[in-house]
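**Student:** I have a structure here, written as structure tokens, and I will follow up with some questions on it.
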Amino acid sequence: MNAPASNDPREQLVGHLPSLRAFAMSLARNRSAADDLVQDTIVKAWTNIDKFAVGTNLQAWLFTILRNTYYSSLRKVRREVADPEGIHAQGLFVKPDHDGRLAYGDFQRAFDKLSPEHREVLTLVGASGFSCEEAAGMMGVAIGTVKSRASRARKRLSDLMGLAEGEGAFSGVDQASMAVMGRSGMQAA
Amino acid sequence: MYSDMSENNPKSKFRDQIDENLKRIYDETLKEEIPDKLTLLLEQLRKKSVGHSETGPSDQEQT
């Protein structure tokens, strides 16, 4: 790839496409909607590149544009849907596998049922490696709000998976007996 | 911070599992190939801005 002016942040946009898509997917949970969101983000970033403060975190700036774009389009939908916190999504009770691990498929289904705000905070601080401070900047809220929202999101996730946090997979079971249980479970099966 | 002493309690292990799964969801999309429409969009934007900043004939295309 040729990079004519490497100090032009616009030339760095292409390198941020994968993470923009990953973040968009965590919000939209639909590939084509996520790609539309990335497309809108790129156009906005390109045309407003003069508003980017060189030397600051470009990825954080792009994520901010993306989430703001997402929420402003979501606001229209939400006027019609009276359940923004996804309460209708209750009723999913999945026990962990016999080996005590959370099954990935069950986790994905529970994640899908979270509100976008909960998916967002967990993705920013749990998956994409931003600090709570950076996430707070992107989300336009206080650091304390990021922390409490993340904690509520984790709680909701465990509720959706039918696990009370702290007494899920590992309660009262140490690693050694886990291993034994795992083996006997395999033999039984 | 009490993360050191809580390293072995069930609550933090459960938390670790959540984070592990969150990363997995994120990384799955991260590793996907970028759709053509996004790379093409960047190319178009680049051509357009070149067309604006340079006088004279450009290869700017109207789409």
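The values are calculated or read from the model by the stated rules, or taken from the named source; none is laboratory data. Bear in mind that the values here come from a model prediction, so they are computed numbers and not experimental data. Neighbour counts run over all protein chains shown; Cβ positions are idealised from the backbone, glycine included.
**Student:** Going by what's in this entry, would A:Arg101 be described as modelled with pLDDT of 50 or more and buried (at least 20 other Cβ atoms within 10 Å of the Cβ)?
**Tutor:** Working: modelled with pLDDT of 50 or more: yes; buried (at least 20 other Cβ atoms within 10 Å of the Cβ): no.
Considered against the rule, which asks whether it is modelled with pLDDT of 50 or more and buried (at least 20 other Cβ atoms within 10 Å of the Cβ), A:Arg101 comes out as no.
**Student:** Failed condition for A:Ile49, given (1) under 19 Å from A:Arg10 (Cα atoms); (2) surrounded by 20 or more Cβ atoms within 10 Å (Cβ to Cβ); (3) within 14 Å of chain B (Cβ to nearest Cβ); (4) of a type in the set (A, V, I, L, M, F, W, C), with all others met?
**Tutor:** Failed condition: (2).
Yes/no per residue for (1) at pLDDT 85 or above; (2) surrounded by 15 or more Cβ atoms within 10 Å (Cβ to Cβ); (3) not in a helix (DSSP H, G or I):
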position: B:Ser3; (1), (2), (3): no, no, yes
position: B:Lys13; (1), (2), (3): no, yes, no
position: B:Asn21; (1), (2), (3): yes, yes, no
position: B:Arg24; (1), (2), (3): yes, no, no
position: B:Glu33; (1), (2), (3): yes, no, yes
position: B:Leu38; (1), (2), (3): yes, yes, no
position: B:Leu41; (1), (2), (3): yes, yes, no
position: B:Val50; (1), (2), (3): no, no, no
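**Student:** Out of the residues in the stretch A:30-46 meeting the condition of being at pLDDT below 95 and within 11 Å of chain B (Cβ to nearest Cβ), tell me which one is nearest to B:Glu32 (Cα to Cα).
**Tutor:** My answer is A:Arg31.
**Student:** Can you tell me how many residues in the stretch A:21-39 are surrounded by fewer than 16 Cβ atoms within 10 Å (Cβ to Cβ) and either of a type outside the set (A, V, I, L, M) or assigned to a loop (DSSP other than H, G, I, E, B) (or both)?
**Tutor:** Going residue by residue through the stretch A:21-39, those that are surrounded by fewer than 16 Cβ atoms within 10 Å (Cβ to Cβ) are A:30-33.
From what is left, the residues that are either of a type outside the set (A, V, I, L, M) or assigned to a loop (DSSP other than H, G, I, E, B) (or both) are A:30-32.
Number satisfying all stated conditions: 3.
**Student:** Next up: Name the pairs whose Cβ atoms lie under 7 Å apart, with the first residue in the stretch A:24-46 and of a type in the set (Asp, Glu), the second surrounded by fewer than 23 Cβ atoms within 10 Å (Cβ to Cβ) and in a loop (DSSP other than H, G, I, E, B), and 6 or more positions between them or separate chains?
**Tutor:** Between residues of the stretch A:24-46 that are of a type in the set (Asp, Glu) and residues that are surrounded by fewer than 23 Cβ atoms within 10 Å (Cβ to Cβ) and in a loop (DSSP other than H, G, I, E, B), the close pairs are A:Asp35/B:Pro35.
**Student:** Check off (1) at the interface with chain B (Cβ under 9 Å from one of its Cβ atoms); (2) at pLDDT 95 or above for A:Leu27 and give me the number that stays unchecked.
**Tutor:** Status for A:Leu27: all satisfied but (1).
**Student:** Just to be sure I understand the filter: pairs with C-beta atoms under 6 Å, separated by 6 or more residues or on different chains, first member in the stretch B:15-42 and at the interface with another protein chain (Cβ under 7 Å from one of its Cβ atoms), second member assigned to a loop (DSSP other than H, G, I, E, B) and among the aliphatic types (A, V, I, L, M). Which pairs pass?
**Tutor:** From residues that are at the interface with another protein chain (Cβ under 7 Å from one of its Cβ atoms), the pairs are B:Gln17/A:Leu102.
**Student:** Something else: Taking into account only those residues within the stretch A:113-140 that are under 15 Å from B:Asp19 (Cα atoms) and among the charged types (D, E, K, R), which is nearest to the other protein chains (Cβ to nearest Cβ)?
**Tutor:** A:Arg119
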